[in-house]
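What follows is a single structure, written as structure tokens, with notes after it.
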There are 2 protein chains.
Amino acid sequence: MKKNLREINISTEDIPTSWYNILPDLPTPLPPPKGDEQLKLLPEMMILECLKQESSPDRWIEIPDGIRQLYLQAGRPRPLFRALNLEKALGTPARLYYKSEFYSPTGSHKVNTALAQAYYAREQGCERLTTETGAGQWGTALAYATSIVGLKCTVFWVRAVYQWKHSRRNLMQIYGAEVNASPSDKTEVGKLLVKDNPDHPGSLAIAISEGLEDAKNDPKAVYSLGSVLNHVLIHQSIIGLETQLQFEMIDEYPDVMISCLGGGSNFGGFVIPFVGDVLTKGKKIQFIAAQSEAAPNLQGTYRYNFADYAKLTPQLKMYTLGHMFEMPPIRGDGLRYHGCAPIISLLRDEGYIDTVAYPVDEKYVFEKGKLFTQTEGFLPAPESAYSIACAIDEANKCKESGEEKVIAFNVSGHGFMDMVGFRKVLGLE
Amino acid sequence: MKKNLREINISTEDIPTSWYNILPDLPTPLPPPKGDEQLKLLPEMMILECLKQESSPDRWIEIPDGIRQLYLQAGRPRPLFRALNLEKALGTPARLYYKSEFYSPTGSHKVNTALAQAYYAREQGCERLTTETGAGQWGTALAYATSIVGLKCTVFWVRAVYQWKHSRRNLMQIYGAEVNASPSDKTEVGKLLVKDNPDHPGSLAIAISEGLEDAKNDPKAVYSLGSVLNHVLIHQSIIGLETQLQFEMIDEYPDVMISCLGGGSNFGGFVIPFVGDVLTKGKKIQFIAAQSEAAPNLQGTYRYNFADYAKLTPQLKMYTLGHMFEMPPIRGDGLRYHGCAPIISLLRDEGYIDTVAYPVDEKYVFEKGKLFTQTEGFLPAPESAYSIACAIDEANKCKESGEEKVIAFNVSGHGFMDMVGFRKVLGLE
């Protein structure tokens with residue numbers, strides 16, 4: 001009967017005390033970053049504890065009590081829901097479960113690493129964090145975390161998105177952040193691009209370059225990244241670790257795990273503790289990354305590449321479309337990034353991660369997001385609608401085959417501030 | 001130490017099994033509704049189980065398992081948070097706690113009665129629910145609940161608000177509801193008003209009249225009200241009942257309880273189980289309703305009055321400004337209603353409820369909402385910012401007096417879909 005619970009949650013006292021670091025459990029060693037000049041600059045521009053975690057050999061990294069308190073204040077642990085209504089609507093024998101990262105104060109999983117990074121930055125005496133944002137989820141999360149922790153925040157936001165996500169911009173301002181459309185005239189790299197084209201739509205790679213340059217020129221500022229890097233995936237492992245405890249509570253275990261993937265932070269956070277089970281405990285799970293054909297980086301090539309446009313970052317070995325790759329605009333903007341996190345890229349190269357990419361017009365994906373909203377009640381972020389579409393596709397395969405698979409997917413954020421996207425794609429008035 | 005927990009929650013299994021009905025515990029009997037003609041029509045237009053609950057003498061009303069399942073699916077129980085960061089920012093010796101009704105799928109407490117009403121309506125064979133909405137919180141909640149339960153939904157939405165809350169309108173449409181700006185040309189009462197003024201801004205009282213007329217003319221439809229009535233307060237008691245269990249967990253008890261009040265559903269749901277403690281267990285609590293000077297109904301007169309504009313409802317004994325009272329527009333639109341729930345009105349008349357009203361320009365209230373967002377991280381609905389402003393005022397009084405009061409307030413909804421209000425009032429770009 002326990003399996004028919006609609007909502008499964010651990011108690012606030014049982015929230016995990018350590019994050020999981022998969023580095024020591026990987027099937028082959030993770031290729032290190034490259035670029036002497038860039039690597040030399042990192043300690044000046046980055047949070048030192050994060051830099052340390054980036055190459056930590058420790059499987060478990062203790063979550064400082066201060067950060068656990070911040071997680072509680074942000075409403076963790078977050079429930080795991082059984083999607084009984086959606087199952088019924090689909091007529092599938094599969095059992096569907098979704099994790100509710102949309103319950104975050106800013107509406108996305110990004111707060112899990114934003115709070116950790118802001119905490120560590122304050123501990124080392126830093127006064128300001130700079131960052132980039134694409135969809136705006138990360139910029140909002142860092143604006144929130146710095147406000148809670150007591151730091152200043154400067155956000156460089158891809159102009160094409162900055163312009164249509166007015167509510168999200170206002171929320172960052174309420175948190176007290178300075179928000180710039182990128183490319184901006186605040187940095188040398190931005191000035192060059194704006195000079196050529198004042199309405200330059202920008203890209204995540206350009207915005208990263210601006211954030212890095214801004215931090216480099218201010219000794220009291222450090223740069224904070226919301227995806228791709230190992231320490232970000234470590235912090236996000238809280239999602240999957242909670243999910244493991246929740247599945248234990250109901251004596252259930254996933255056969256398939258799905259989430260959307262841009263840079264890889266929500267996908268990684270959700271699945272990596274379970275990848276650990278596969279690597280060390282002989283478990284079998286199919287992992288699927290839901291992407292957009294606008295930026296199917298897991299279908300790119302596995303090679304060393306820069307994380308930003310201006311080559312300020314070291315080169316990372318990752319699946320990439322190239323750091324100057326031009327991507328068409330989509331509403332699920334958080335999925336528009338040229339490269340995938342090195343850890344996930346390695347796992348993909350070793351055959352552990354499958355991927356699917358959905359068409360750029362997004363009609364199919366948004367219709368599935370609508371079906372989820374109508375049956376389960378929660379409005380997903382455009383990006384999370386990709387997770388949902390993929391989970392529905394897998395549930396429909398089970399309908400054909402008759403398999404009673406357990407399918408778990410992550411709903412990484414809510415769509416309340418991205419309603420314009422639903423309006424345009426679904427043709428609402 | 002337990003008192004310093006930032007997040008307090010009961011387990012999903014401990015969610016209350018009965019709602020609380022204060023009728024048998026009131027200090028004097030509740031004056032019954034008046035109006036033979038209107039009362040005769042009620043069984044045709046209203047949900048029968050709700051009509052029964054309206055005058056039930058039972059202190060405890062069992063929550064059917066089907067509705068408890070719906071509550072779980074909607075993410076109940078909702079955490080009680082200790083506002084440690086806000087306390088610190090204020091420098092108050094008071095201990096502040098807030099209930100997180102903003103965690104609802106549609107972003108407000110309204111789902112608590114919407115799910116119950118939709119469930120009962122389906123059980124009695126009804127196919128469609130009609131309703132009014134002012135701020136849009138109720139319309140969204142009923143659109144959600146009918147979608148989950150499998151009914152149709154028609155919403156009449158006060159035109160002045162319909163026009164600026166575009167995202168909320170789209171969300172109702174995603175849930176499959178038909179949404180009309182009110183007054184509309186779908187009803188006789190609406191036609192009359194639109195004929196005189198096609199851009200008539202509407203009012204909640206007019207929208208109620210339209211919803212009632214629409215239900216009256218369709219044997220398969222019933223009308224559903226989101227506030228004011230006794231059965232609505234019964235369903236909303238789930239908020240206060242959970243809060244009681246959460247305070248018990250940390251061995252704490254409130255000295256002051258605060259929430260915003262329009263018709264009274266979130267205020268009533270939050271405080272009424274505690275009023276029961278005061279009436280039957282000798283507890284002492286100060287209850288404060290936070291209102292707008294645009295509609296300070298608790299400062300009106302205590303008399304029989306209609307709940308709607310066209311006199312289709314019975315007359316209720318309540319604090320009222322008069323059913324044709326014209327109110328200036330405010331962003332906290334959910335507080336714009338001419339009358340207060342009869343139960344709360346009686347308690348006010350008996351001296352149990354205090355009230356405060358904030359200026360129509362809303363600057364003070366929105367600034368306090370901003371402070372809450374910057375310290376606690378959650379963006380409140382404009383209406384909920386009134387609860388917050390009042391809680392901060394009380395916390396500041398404690399700072400002056402040195403009293404370590406326990407102040408509990410309800411954050412009835414989130415503001416993600418009402419950002420235009422913050423933008424205008426706070427002067428954001």
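If you take all other residues with their beta carbon under 9 Å from the beta carbon of residue A:132, and give Lys and Arg +1 and Asp and Glu -1, the sum is -2. Net charge near residue A:169, counting Lys/Arg +1 and Asp/Glu -1 over other residues with Cβ under 11 Å of its Cβ? Around residue A:169, the charge tally is +2. Among residues other than residue A:68 with Cβ under 13 Å from its Cβ, the summed charge is -4 (Lys and Arg +1, Asp and Glu -1).
Applying 0.36 nm per residue to the separation of residue B:55 and residue B:279 and subtracting their alpha-carbon distance, the gain on full extension is 78.7 nm.
The distance between label points at residue B:18 and residue A:127 comes to 6.1 nm (points 7 Å beyond Cα on the Cα→Cβ vector). Residues A:277, B:255, A:14 ordered from highest to lowest accessible area at a 1.4 Å probe: A:14, B:255, A:277.
Here the protein assembly as shown is treated as a Stokes sphere of Kirkwood radius computed over C-alpha pairs; at 10 °C and 1.306 mPa s its diffusion coefficient rounds to 58 µm²/s.
Taking θ as phi - 60° and the Karplus parameters 6.51, -1.76 and 1.60, the scalar couplings of region B:31-40 work out to x, x, x, 10, x, 4, 4, 5, 5, 5 Hz in sequence order, x denoting glycine and proline. Listed values for region B:256-271 are Karplus-derived 3J(HN,Hα) couplings in whole Hz (6.51 cos²θ - 1.76 cosθ + 1.60, θ = phi - 60°), namely 9, 10, 9, 7, 6, 9, x, x, x, 6, 7, 4, x, x, 6, 9, and x replaces Gly and Pro.
The convex hull built on the alpha-carbon positions of region B:8-47 has an orientation-averaged projected area of 5.7 nm². Once both labels are positioned 7 Å from their Cα atoms along Cα-to-Cβ, the gap between residue A:152 and residue B:301 label points is 5.9 nm. Close amide H partners of residue A:223, meaning residues 5 or more places away or on another chain with modelled amide H under 5 Å apart, are A:46, A:47, A:130. When residue B:286 is represented by a point 7 angstrom out along its Cα-to-C-beta vector, the spacings to that point in the other copies are 6.2 nm, nearest first.
With all protein chains kept in place, the per residue accessible area of region A:226-341 amounts to 28 square angstrom at a probe of 1.4 angstrom. Across region B:236-315, C-alpha contacts under 8 Å between residues 6 or more apart give a mean separation that, scaled by the residue count, equals a relative contact order of 30 percent. Residue and distance for the chain A Cβ closest to the axis that moves A onto B, in whole Å, come to A:416, 2. For the pair residue B:349 and residue A:34, a Förster radius of 56 Å applied to the C-beta separation gives a FRET efficiency near 0.15, rounded to the nearest 0.05. Annotation: amide H-H contacts under 5 Å for residue B:63 (H modelled 1.01 Å from N, sequence separation of 5 or more, or interchain): B:18, B:19.
Size estimate for region B:131-252 follows the Kirkwood approach: the inverse of mean 1/r over distinct Cα pairs works out to 15.5 Å.
Sorted from nearest, the other copies put their residue A:25 label points 5.0 nm away, the label point being 7 Å from Cα in the direction of Cβ.
A simple rule links phi to the HN-Hα coupling: the Karplus curve 6.51 cos²θ - 1.76 cosθ + 1.60 with θ = phi - 60°, which for region B:191-200 gives 3, 4, 6, 5, 4, 5, 8, x, 9, 3 Hz, with x for Gly and Pro. Taking only protein heavy atoms and a 1.4 Å probe, the accessible area of region B:299-424 is 47% carbon and sulfur. Magnitude of the charge dipole for the protein assembly as shown, about its Cα centre and with charges confined to Cβ atoms of Lys, Arg (+1) and Asp, Glu (-1), is about 320 debye.
With label points defined 7 Å past Cα in the direction of Cβ, position residue A:397 shows copy-to-copy spacings of 6.2 nm, given to one decimal and shortest first. Nonpolar atom fraction for region B:1-112, defined as the carbon and sulfur part of the 1.4 Å probe accessible area, stands at 54 percent. Against the empirical 2.2 N^0.38 Å (N residues), chain B has a Cα radius of gyration ratio of 0.91. Residues whose amide H falls under 5 Å from that of residue B:313, counting only those 5 or more places apart or on a different chain, are B:307, B:308, with hydrogens built in the peptide plane. Residues of region B:391-429 buried by at least 40 Å² of accessible area upon assembly of all protein chains, compared with the chain on its own (1.4 Å probe): B:416, B:419, B:423, B:428, B:429.
The values are calculated or read from the model by the stated rules, or taken from the named source; none is laboratory data. Quick caveat, the model's predicted, so the values are computed rather than measured. As a convention, Cβ positions derive from the backbone with ideal geometry for all residues, glycine included, and neighbour counts pool all protein chains shown. Please note that ligands, DNA and RNA were not included when accessible areas were found on the heavy atoms of the full protein model with its side chains. Shrake-Rupley method; radii C 1.70, N 1.55, O 1.52, S 1.80 Å.
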